[in-house]
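A.B. asks: A single structure is presented below for examination.
Nothing in this text is a laboratory measurement; each read-out follows from the coordinates by a stated rule. Just so it is clear, the model here is predicted, and its values are computed rather than measured. In this analysis, Cβ positions are derived from the backbone assuming ideal geometry, glycine residues included, and neighbour counts consider all displayed protein chains.
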Amino acid sequence: MILTQIQPLMKNKFAFLLILIAFQGFAQNYNGTLSTINQDGLHLILLNPEVRSATNSNTNFFRILDENKNEVAFVNYKPKNENKFDFIELPIVSKRILNDSVTSIQVENKSERSLNSLVVVIANTSVVKNYNVSGSNDGENWFGLVQNQQLSNLYSEKEKQVEKTISFPLNNYSFLRIDFSDKKSLPINLMKVGIYQSEINYVSQLELTDITQNVISNKEKKKTQISIRFKTPQVISKIDFDIRSDLYYRNVRILVNKSRRIKKRSENYQEEISSFVINSKTNNQFILDDFFEKEFIIEIDNQDNQPLEINKISFFQSPEYVLANLKSTENYTVIIDSTLSKPNYDLQNFEFENSKELKVLTIENFKKYNLVKSQSQEQKFWQTKWFLWICIVIGGLAVSYFALGLLKDMKEK
């Protein structure tokens with residue numbers, strides 16, 4: 001009887017130890033700096049995919065600090081849908097054919113806008129083009145942005161030209177260069193290059209990177225399953241299929257593997273996040289209800305058809321901003337600390353309209369760090385992790401000692 005009472009105690013100690021280790025593993029800290037502030041006033045701060053992943057898509061863990069480590073008030077901000085986007089053409093400063101194998105298009109970003117995509121207008125063609133994108137601040141020294149990407153489906157049944165979006169990491173280079181490979185076909189007729197921009201320089205969509213894709217075709221079930229895995233969990237807002245096959249109409253589901261407890265057993269199941277139809281007559285771009293996952297499955301129902309030839313599947317995130325009142329004379333740091341709770345600032349009691357005066361800032365030098373406290377902030381020994389671990393070890397030894405003692409007494413009797 002006594003032994004049966006001791007065993008649960010030992011199990012509880014072990015469970016407590018596991019919970020503590022898990023909690024310590026969950027605690028994550030990151031920091032970064034804000035880009036240059038040119039004037040005092042309200043600013044929008046873009047939370048890029050890396051930042052949103054670090055916060056677990058929860059700004060409760062997010063803080064802005066001034067040079068004196070004081071918190072700066074902020075509020076979540078979402079642009080209104082009625083905001084109009086106009087096409088702004090960027091000047092093509094150079095168009096050259098290099099060694100009969102590369103067409104190089106150089107455009108100028110005079111105002112050094114923060115860009116993560118360009119819209120290219122191309123005369124109808126049935127060819128497929130590979131391309132690289134690079135950026136430069138002086139037009140001479142170039143730095144790579146994306147490599148060996150592909151443009152396809154460059155024709156329209158109703159128009160004489162098509163618009164295609166070329167995506168790349170967010171930057172503000174003064175010059176951008178697109179190099180199209182002409183090794184397998186003649187050059188394409190690129191007519192315009194530009195961006196769609198609102199009154200405020202919002203970023204329309206952020207393309208997600210660091211993706212692993214694994215395609216499995218199940219002939220028995222007549223389905224293609226594409227396993228998607230990100231390096232870290234991401235918010236997914238939009239999916240874009242680039243498909244080479246002709247004349248198709250397929251049902252698609254997005255599935256996430258889940259588990260749940262039913263009485264005393266664990267059950268694995270698949271949760272359907274979204275469903276839609278891919279069709280050769282449409283652009284196959286789908287806006288989704290935001291979901292936050294590291295891994296999921298795209299399932300295509302082939303029925304009695306052959307599996308599709310898919311060039312690329314791209315994933316995008318609708319941008320999220322925070323609004324803060326900042327000074328041009330200050331240097332600001334942003335931190336993410338998973339032990340923080342939701343802040344309560346006066347700023348959340350105000351409403352802010354879309355305004356041309358709002359400038360968009362980015363978070364730079366974002367990285368994970370180990371929290372080190374200064375001497376003035378040192379904790380007393382009994383408040384430290386070492387004290388807690390010592391207590392756990394002593395408690396475990398005490399339980400073991402009494403358990404062994406009781407077992408010895410029971411054997412003697």
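A.B. asks: Stretch residue 221-residue 369 to full length: gain in nm at 0.36 nm per residue minus the Cα-Cα span?
C.D. replies: Here the segment from residue 221 to residue 369 would lengthen by 48.6 nm.
A.B. asks: Now for a separate question. Among residues other than residue 238 whose Cβ falls under 13 Å from its Cβ, what is the net charge (Lys/Arg +1, Asp/Glu -1)? Let's see the in-between values first.
C.D. replies: Working: positive: none; negative: 207, 240, 289, 290.
Neighbour charge sum, excluding residue 238 itself: -4.
A.B. asks: For the pair residue 196 and residue 231, what calculated FRET efficiency results from E = 1/(1 + (r/R0)^6), where r is the Cβ-Cβ distance and R0 = 41 Å, to the nearest 0.05?
C.D. replies: Here the calculated transfer efficiency is 0.90.
A.B. asks: Determine the shape class of region 86-197: with a ≥ b ≥ c the square roots of the Cα gyration tensor eigenvalues, call it rounded for a/c under 1.5, and otherwise prolate if a/b is greater than b/c, oblate otherwise.
C.D. replies: oblate
A.B. asks: Right, something else. Of all GluC sites (Glu not before Pro) in region 111-217, which ones are in loop regions per DSSP and have a Cβ with at most 13 other Cβ atoms within 10 Å? The partial results should precede the final answer.
C.D. replies: Values: sites: 112, 140, 157, 159, 163, 199, 207; in loops: 112, 140, 157, 159, 199.
In loop regions of region 111-217 (DSSP not H, G, I, E or B), the sparsely surrounded GluC sites (Glu not before Pro) are 112, 140, 157, 159.
A.B. asks: Compute the FRET efficiency between residue 141 and residue 406 as 1/(1 + (r/R0)^6), taking r as their Cβ-Cβ distance and R0 = 60 Å, and round to the nearest 0.05.
C.D. replies: The computed FRET efficiency comes out at 0.20.
A.B. asks: State the extension gain, in nm to one decimal, for the chain segment bounded by residue 337 and residue 130, taking 0.36 nm per residue of separation less the distance between their alpha-carbons.
C.D. replies: So the chain would gain 70.4 nm between residue 337 and residue 130.
A.B. asks: Could you tell me whether region 206-317 comes out rounded, prolate or oblate from its Cα gyration tensor? Rule is a ≥ b ≥ c as square roots of the eigenvalues, rounded for a/c under 1.5, then prolate if a/b exceeds b/c, otherwise oblate.
C.D. replies: Working: a/c = 2.00, a/b = 1.30, b/c = 1.54.
Since a/c reaches 1.5 but b/c is at least a/b, the shape of region 206-317 is classed as oblate.
A.B. asks: Rounded to the nearest 0.05, what FRET efficiency do residue 393 and residue 112 have when you use their Cβ-Cβ distance and R0 = 51 Å?
C.D. replies: 0.30
A.B. asks: Determine, for 298, 37, 287, the number of other Cβ atoms within 10 Å of each Cβ, and report the residues in order from fewest to most.
C.D. replies: In increasing order of surrounding Cβ atoms, one gets 287, 37, 298.
A.B. asks: If you put +1 on each Lys and Arg Cβ and -1 on each Asp and Glu Cβ, how big is the dipole of region 86-197 around its Cα centre, in Debye rounded to 20?
C.D. replies: Taking the Cα centre of region 86-197 as origin, the dipole is about 260 debye.
A.B. asks: What trypsin sites (Lys or Arg not before Pro) in region 146-177 are in a loop by DSSP, with at most 12 other Cβ atoms within 10 Å of the Cβ?
C.D. replies: Loop-located and lightly packed - 158, 160.
A.B. asks: May I pose another question? Taking 0.36 nm per intervening residue step and subtracting the Cα-Cα distance, what contour gain separates residue 282 from residue 42 on full extension?
C.D. replies: Details: separation 240, 0.36 × 240 = 86.40 nm, distance 4.06 nm.
Result: 82.3 nm gained on full extension.
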